[in-house]
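Asker: First, the structure itself, so that you have it in front of you.
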Amino acid sequence: MVDNEKALEEVMTFLDAPPEPGSADDERFGERLRQVIAASIPLDEGEDAEDAPTLQLDDAFRSRLEKVAKDRGGNYFGDHPNGIGPTLGMDVSKS
């Protein structure tokens, strides 16, 4: 794993010249893309300032990265090995 600034540099390079799908560079692009998105999640009201994002991206660029991640397929934060997808806002209780 590289630091977030280096990951952002690599993402910018890959955005300019996308790697061949399925290649090792493509896998690295996906990893760095997830890292950059995770490192730039803005704080919600009431969250501790200590948890502030380490990368400050403008909303338009962050939205572009999220779109690229979604276009690459799957959940850009990874898929649960047991097939459980995102649960935020979903009622997953057993009835």
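Asker: More than 22 Å from Met1 (Cα to Cα), among the aliphatic types (A, V, I, L, M) and more than 16 Å from the chain's Cα centre (by Cα): which single residue out of Ala60, Ala24, Ala17, Ala49 fits that description?
Answerer: From the options Ala60, Ala24, Ala17, Ala49, the qualifying one is Ala49.
Asker: May I ask you to say which residue of Arg28, Arg62 is open to solvent by less than 70 Å² (accessible area, probe 1.4 Å), among the charged types (D, E, K, R) and modelled with pLDDT of 75 or more?
Answerer: Arg62
Asker: Now for a separate question. Which condition breaks for Ser23 when tested against (1) open to solvent by 90 Å² or more (accessible area, probe 1.4 Å); (2) at pLDDT 75 or above; (3) among the small types (Gly, Ala, Ser)?
Answerer: All conditions are met except number (1).
Asker: Mind counting the residues in region 1-23 that are among the small types (Gly, Ala, Ser) and closer than 19 Å to Arg64 by Cα?
Answerer: 2
Asker: If you don't mind, another one. Here is a list of conditions, (1) open to solvent by 30 Å² or more (accessible area, probe 1.4 Å); (2) under 17 Å from Asp3 (Cα atoms), and Leu33 meets all of them except one; can you say which number that is?
Answerer: (1)
Asker: Can you tell me which residue is nearest to Leu8 (Cα to Cα) among those in region 40-59 that are small (Gly, Ala, Ser) and surrounded by 10 or more Cβ atoms within 10 Å (Cβ to Cβ)?
Answerer: Ser40
The values are calculated or read from the model by the stated rules, or taken from the named source; none is laboratory data. Predicted, not measured: the structure shown is a model, and the values here were computed from it. Reconstructed Cβ throughout: ideal geometry from the backbone, glycine too, with neighbour counts over all protein chains shown. These accessible areas exclude ligands, DNA and RNA; they are computed on the full protein's heavy atoms, side chains included. Shrake-Rupley method; radii C 1.70, N 1.55, O 1.52, S 1.80 Å.
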